[in-house]
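Have a look at the structure below, then the notes.
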Amino acid sequence: MNLTRFTFSFGVVVFAMGVFGFVPAMLHAPISDTGAAYDAFPRLFGLFPINELHNVVKVLVGAWALIASRQILWSLNFCRISTVVFALLFVFGMINGLDTMFGFLPLHSHNVWFHGLSAALLGYYGYRTASVSAKDAKRGTGFGQPTLRT
């Protein structure tokens, strides 16, 4: 898979997760038996704790990825920037107190592995394609252009 296709695919998945977060049929009720703050969030597909702000952020990141997938350099920049952001979210999700971003964004539970896997994939595509030449970047719009050199 080339860089722009990956960026487009990633954008579709993240955008869809953000939109599905607003659909009540896709949500499961929060787990409130323990009374812990992180159990107060509804779960997308019963796995990912979310809230409205989390959904808006996912829609915006997904839209950014879809727009960035139109050109190689945009895709490259998206992947590199997002690698750092998702890696930070992965680390924050494992630190008690930061795993809910002070009650604003749920980063715990299954969001941890989603952010970790996303950071790994984005890093692979963002830094593996560092050898894209300026000539390739100028002509490389759309999905059909080769982006990886071996």
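Hey, with R₀ at 25 Å, roughly what FRET efficiency would A29 and M1 work out to, going by the Cβ-Cβ distance, to 0.05?
FRET efficiency, A29 to M1: 0.10.
At R0 = 25 Å, how high is the FRET efficiency between L47 and V91 if r is their beta carbon distance? Nearest 0.05 is fine. Walk me through the intermediate numbers first.
Values: r = 20 Å, r/R0 = 0.81.
After rounding, the FRET efficiency stands at 0.80.
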Give me the distance in nm between label points sitting 7 Å out from Cα along the Cα-to-Cβ direction at A16 and V56, one decimal. 2.5
Using only Cα atoms, what is the ratio of the radius of gyration of segment 14-120 to 2.2 N^0.38 Å? 1.10
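Where a number appears in this text, it was derived from the coordinates with a stated rule and is not lab data. A quick note: this is a predicted structure, and the numbers were derived from the prediction, not measured. Backbone-built Cβ (ideal geometry, glycine too); neighbour counts: all protein chains shown.
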